[in-house]
Structures are given as structure tokens and as C-alpha cells.
1. Any chance the range 164-177 includes a residue that's closer than 21 Å to residue 40 by Cβ and of a type in the set (Phe, Trp, Tyr)?
2. Looking only at the range 92-111, which residues are of a type outside the set (A, V, I, L, M, F, W, C), touching a residue at least 24 places away in the same chain (Cβ under 8 Å) and either open to solvent by 50 Å² or more (accessible area, probe 1.4 Å) or within 22 Å of residue 58 (Cβ to Cβ) (or both)?
3. Residue 153 is checked against (1) open to solvent by less than 50 Å² (accessible area, probe 1.4 Å); (2) not in a loop (DSSP other than H, G, I, E, B) and fails just one. What number does that condition carry?
4. So residue 93 clears everything in (1) farther than 16 Å from residue 43 by Cα; (2) of a type in the set (S, T, N, Q); (3) not in a strand (DSSP E or B) except one condition, right? Which one?
5. Which of the residues spanning the range 97-114 are closer than 22 Å to residue 234 by Cβ and more than 14 Å from the chain's Cα centre (by Cα)?
6. Which numbered condition in (1) over 28 Å from residue 192 (Cα atoms); (2) touching a Ser or Thr at 6+ places or on another chain (Cβ under 7 Å) is the only one that residue 147 fails?
7. Pick from 110, 168: which is modelled with pLDDT of 95 or more, touching a helix residue (DSSP H, G or I) at 6+ places or on another chain (Cβ under 7 Å) and within 24 Å of residue 25 (Cα to Cα)?
8. Looking at this structure, is residue 116 modelled with pLDDT of 95 or more, surrounded by 19 or more Cβ atoms within 10 Å (Cβ to Cβ) and farther than 27 Å from residue 220 by Cα?
Amino acid sequence: MASEKKEYFGKDLEAMSFANNYHRWIVSEFSPYLGAHVAEVGAGIGNFSEFLLQAGAQQLSTFEPSSNMYPALEEKFSQISNVDTYNCFFEETSEKFVATFDAVAYVNVLEHIENDRLALEHAHQTLKQNGRLLIFVPALKFLYSELDRKVGHFRRYTKQELIDVVSLAGFRIDEVKYFDVMGIIPWYIAFVLLKQTTSGANVSLYDRLVVPLMRNVEGLATPPIGKNLLLVAHKE
């Protein structure tokens with residue numbers, strides 16, 4: 001992976017899709033596995049970082065390589081003693097953090113990494129024994145859209161692809177499941193057929209009206225398909 005700092009604009013768009021209820025839903029799935037010291041890879045401007053802290057992470061190390069988003073991340077946590085910010089690729093510093101973290105989180109990040117297996121091998125190195133790998137990624141290849149391409153997605157995952165790459169990196173899978181079944185049709189219509197981009201109004205409406213309902217429904221029964229995939233694995 002190139003070591004030079006770059007500008008990324010995709011994460012800003014993706015952050016829009018992570019309205020508060022959606023954030024809380026995802027972090028509620030991860031909270032039992034966080035442990036004390038969490039690494040967040042591709043933290044962007046720190047939107048999801050705040051939810052990791054609220055969920056119980058006692059120490060948070062955030063890694064963001066982009067030159068345009070890191071300053072906002074650094075400023076947001078400059079006065080927070082239990083958050084460290086690093087303006088680099090996680091893979092560049094993994095040797096400094098061997099067996100350091102209780103959990104490493106990739107939330108809408110792994111799809112941006114061309115060599116995802118290599119990235120996960122670095123994550124494996126940084127985890128303590130039985131430390132957890134926490135992944136949230138876009139799913140379903142037929143949903144790949146111009147928006148995916150614009151924000152720098154190399155792929156949308158199938159469940160088996162995600163299982164395979166995580167397993168090959170040395171992890172044992174604890175849980176993998178589809179997430180947000182209701183989002184499939186709106187995404188397909190808006191971004192695949194109509195080639196739209198995200199808007200704050202649409203995101204807010206979906207977050208307020210649909211997400212609370214779907215969180216309750218999917219809490220009762222895991223859907224057979226979904227717009228995203230959520231995975232938890234551990235280092236043996």
C-alpha cells in the first residue's frame with residue numbers, strides 16, 4: 001500500500017449514511033466484543049469513533065491516512081485523553097502495536113482496501129490472544145453502483161467472500177450475518193437504476209423512520225439477505 005498521504009472524499013459521503021440511529025444499531029452489535037483498547041481503522045472525521053467510546057471502549061486508537069479528513073479527527077479528540085489519533089495507514093504501524101488491541105474495527109472501510117487479506121493479516125498481528133475483529137461492509141454485488149465507484153469501493157462482498165478472506169488471514173469466525181434488509185430496494189432504485197448520490201434529507205428520513213423498526217425486526221430474526229454484512233471473528 002502506498003505510504004503517501006492522499007485525499008479521500010468518499011468517507012464524507014459514507015458518513016452521511018451513518019446517521020445516529022444507524023450508528024447505534026451497528027455499535028450495539030459490536031459492544032459485547034470491544035474490550036478495553038480498541039483500534040478503529042479508517043476513522044475518517046471520527047463520527048463512528050464517538051459511538052465506540054459511548055459503547056464502552058476505554059482506550060481508542062484511531063487511524064486515518066487521508067490529508068483532508070485527519071485534521072478534523074485530530075481536532076475532535078485533541079482534548080480527549082483516552083483517544084489517540086494517527087495520520088497513517090494502519091498497516092504502516094502494525095509492527096508497533098503487536099498484541100496491543102482487544103478489538104480492531106473496520107466499519108465501512110475494508111471495501112476501500114484493494115488487498116484486504118493483507119490488511120487483515122496486519123490486524124491479526126496487532127490483536128491480543130482472543131482479541132476480536134469487527135467488520136461492517138457493503139454486501140451484494142448487484143448493488144454495486146456509481147456511488148460505490150465514486151467513494152472508492154473495490155467491491156461489495158458476498159457472505160462467503162468475507163468469510164474466506166477473514167479465515168485466510170488467520171481468524172476464527174464467531175458470527176457473520178446480513179444487515180439492513182430494508183435498505184436493499186431503496187439503494188438499488190436510487191443508486192443503481194437512477195444513479196443518484198446521497199442527500200442529507202433522505203438519509204435523515206431513513207434513519208428516523210426505518211432504522212428503529214428494522215433494528216427491532218432484525219433483533220428477532222436475522223434476515224437471509226441484506227444491504228450490508230456484519231462479522232465478528234477472533235484471534236486464536
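The values are calculated or read from the model by the stated rules, or taken from the named source; none is laboratory data. Computed from a predicted model, the values in this text were never measured in an experiment. Note that each Cβ is placed from the backbone with ideal geometry, even for glycine, and that neighbours are counted across all protein chains shown. When the accessible area is computed, the model is the full protein with side chains, heavy atoms only, and any ligands, DNA or RNA have been set aside. Shrake-Rupley method; radii C 1.70, N 1.55, O 1.52, S 1.80 Å.
1. yes
2. Filtering the range 92-111 down to residues of a type outside the set (A, V, I, L, M, F, W, C) leaves 92-96, 100, 102, 106, 108, 111.
Filter once more, so that each one left must be touching a residue at least 24 places away in the same chain (Cβ under 8 Å): 92-95, 100, 102, 106, 108, 111.
Scanning the range 92-111 gives 92, 93, 94, 95, 100, 102, 106.
3. Checking residue 153 against (1) open to solvent by less than 50 Å² (accessible area, probe 1.4 Å); (2) not in a loop (DSSP other than H, G, I, E, B), the one that fails is (2).
4. The number of the failed condition is (1).
5. Result: 97, 98, 99, 100, 101, 102.
6. Status for residue 147: all satisfied but (1).
7. On the way: 168 fails: within 24 Å of residue 25 (Cα to Cα).
On inspection, the qualifying residue turns out to be 110.
8. Working: modelled with pLDDT of 95 or more: yes; surrounded by 19 or more Cβ atoms within 10 Å (Cβ to Cβ): yes; farther than 27 Å from residue 220 by Cα: yes.
So residue 116 fits the description; yes.
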